[in-house]
Amino acid sequence: MTHPKPAPHGSPAHSQPHGHGSHEIDHGAHDSHGHGTHAHESHGTHEHESHGTHEHESHGTHAHEHDQDGLAELLDLDAELFAPYLAASMRSVAEAAGNDVKRIVDLGAGSGTGTFALLKQFPFAQVTAVDSSAHMLEQLTRTAAAKNLDSRVHPLEADAGTSLPGVADADLVWASASMHHMDDPSATLGIIFKALRPGGVLAVAELDGMPRFLADDAVPERPGLEGRCREALTTLHDEEVPHMGADWGALLASAGFTLEDERTESLELRPRSGGSAGLYAHGTLSRIRGPLAGRIDPADLQALDTLVNGGPADVRHRGDLVVRSTRQLWIARRPTDSGS
């Protein structure tokens, strides 16, 4: 597998998702990195403030980079909070892929949480980190250098929904929270199939949307607030990201892969107050505010503001947060007799 040089900073962003590198955080605010391959941002935490409608160009370079910096922080918080789950997922992938993995592709690498987990799990491997955002890839490259891992990381700015230029004979492709952003998942799976060597493994990781943080009575005057927000986001996802929640097992089989493992886990964290969970909840709820405007009752929108405005009810100050998220993992193999 060759490792193309990253596209120069300032080149057009492709429409491939920031795969969260780790997990999606698809709350509702899609960035229109193309919606089709959708930027990571659109994932839950990704989702940029305007879920599918927000075009990079409309914000200007600095505003867009600031937004991506916020997304990168959320991805890192997600990876920190759910580190045991990510590590367990990596072990499951390693069981399928074997110990002799040398060439890995992180599809939708985002801030690099998946890339660095892969490098830890497979200490002799090289990772091609694919993302549509030059800014994200620059951040990832800086982090790799700080970790003395830059010799093992090869950034590739590309739209995986169209092609993976220079990528061939990969042992493993990791696609976390990125596949549902593709305009044509079947076509993308075909591209991945060709990028893998016969016998190579594809792991698709997804989650069921925005993590949950609050009890129904968290805002006493608006009971059930978070549930209504999630319901509105689900409607938004149905419109903007129709492949979220797709039957990836069936799609993988149709693309010629052999499905080897499929699992769904409902995760629940009861963190201490004042820590990473509060920042994670604040970043998540802040990002969905824009997409929800006009889609939920104004009183609900006002109540949502009280959770992020720095006041006494702000999620960063609460001691009653419970972080809940349902995550799915599919592990599939390109058959060894599938040809070149």
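Across segment 66-89, the qualifying residues are those that are surrounded by fewer than 19 Cβ atoms within 10 Å (Cβ to Cβ) and over 18 Å from Leu329 (Cβ atoms), and the one among them that is modelled with the lowest pLDDT is His66. A Cβ distance below 6 Å, combined with a sequence gap of six or more or placement on separate chains, defines the contacts here; from segment 249-271, residues that are of a type in the set (Asp, Glu) reach residues that are part of a strand (DSSP E or B) in the pairs Glu260/Ile331; Glu260/Arg333; Asp261/Ile331; Glu262/Trp330; Glu265/Arg327; Glu268/Arg324. Would you mind stating whether Glu262 is surrounded by fewer than 23 Cβ atoms within 10 Å (Cβ to Cβ) and in contact with a Phe, Trp or Tyr (Cβ under 6 Å, 6 or more places away or on another chain)? So Glu262 fits the description; yes. For segment 247-279, filtering for residues that are under 14 Å from Leu81 (Cα atoms), of a type outside the set (S, T, N, Q) and out of contact with any strand residue (DSSP E or B) (no Cβ under 7 Å at 6 or more places or on another chain) leaves 6. Scanning segment 147-183 for residues being without any contact (Cβ under 8 Å) to a residue 24 or more places away in the chain and out of contact with any helix residue (DSSP H, G or I) (no Cβ under 8 Å at 6 or more places or on another chain) gives a total of 2.
So, Asp314, is that one loosely packed, with under 15 Cβ neighbours inside 10 Å and in contact (Cβ under 8 Å) with a residue 12 or more places away in the chain or not?
no
Here Arg324 meets the list (1) closer than 30 Å to Asp171 by Cα; (2) open to solvent by 30 Å² or more (accessible area, probe 1.4 Å); (3) in a strand (DSSP E or B) almost entirely, failing just condition (1).
Quick check on Pro155: is it over 28 Å from Glu268 (Cα atoms), open to solvent by less than 30 Å² (accessible area, probe 1.4 Å), in contact with a Pro (Cβ under 8 Å, 6 or more places away or on another chain) and not in a helix (DSSP H, G or I)? Here the answer is yes, as Pro155 does meet what is asked. Condition check: farther than 23 Å from Ala72 by Cα, open to solvent by less than 20 Å² (accessible area, probe 1.4 Å) and either not in a helix (DSSP H, G or I) or not hydroxyl-bearing (Ser, Thr, Tyr) (or both). Does Val167 satisfy that? Criteria met by Val167.
Only residues that are open to solvent by less than 10 Å² (accessible area, probe 1.4 Å), in contact (Cβ under 8 Å) with a residue 60 or more places away in the chain and part of a helix (DSSP H, G or I) were counted in segment 90-111, giving 1. In segment 292-310 there is at least one residue that is open to solvent by less than 30 Å² (accessible area, probe 1.4 Å), assigned to a loop (DSSP other than H, G, I, E, B) and touching a Cys at 6+ places or on another chain (Cβ under 7 Å). If you check Ser286 against the conditions, is it under 20 Å from Arg222 (Cβ atoms) and among the hydroxyl-bearing types (Ser, Thr, Tyr)? It is true that Ser286 is under 20 Å from Arg222 (Cβ atoms) and among the hydroxyl-bearing types (Ser, Thr, Tyr).
The helices (runs of 4 or more DSSP H) located wholly in segment 182-291 that include 1 or more residues which are farther than 30 Å from Val167 by Cα and within 16 Å of the chain's Cα centre (by Cα) occupy 225-240. Tallying residues that are open to solvent by 10 Å² or more (accessible area, probe 1.4 Å) and not basic (Lys, Arg) within segment 112-121 yields 4.
Number of residues in segment 119-146 that are more than 21 Å from the chain's Cα centre (by Cα) and free of Cβ contacts under 8 Å to residues at least 12 places away in the same chain equals 3. Inspection of segment 197-210 finds a residue satisfying the criterion of being farther than 23 Å from Ala250 by Cβ and either at pLDDT below 95 or crowded, with 24+ Cβ neighbours inside 10 Å (or both).
The values are calculated or read from the model by the stated rules, or taken from the named source; none is laboratory data. Just so it is clear, the model here is predicted, and its values are computed rather than measured. FYI the Cβ positions are ideal-geometry reconstructions off the backbone, even for glycines, and counts take in every protein chain you see. All accessible areas refer to the heavy atoms of the entire protein, side chains included, with ligands and DNA or RNA removed. Shrake-Rupley method; radii C 1.70, N 1.55, O 1.52, S 1.80 Å.
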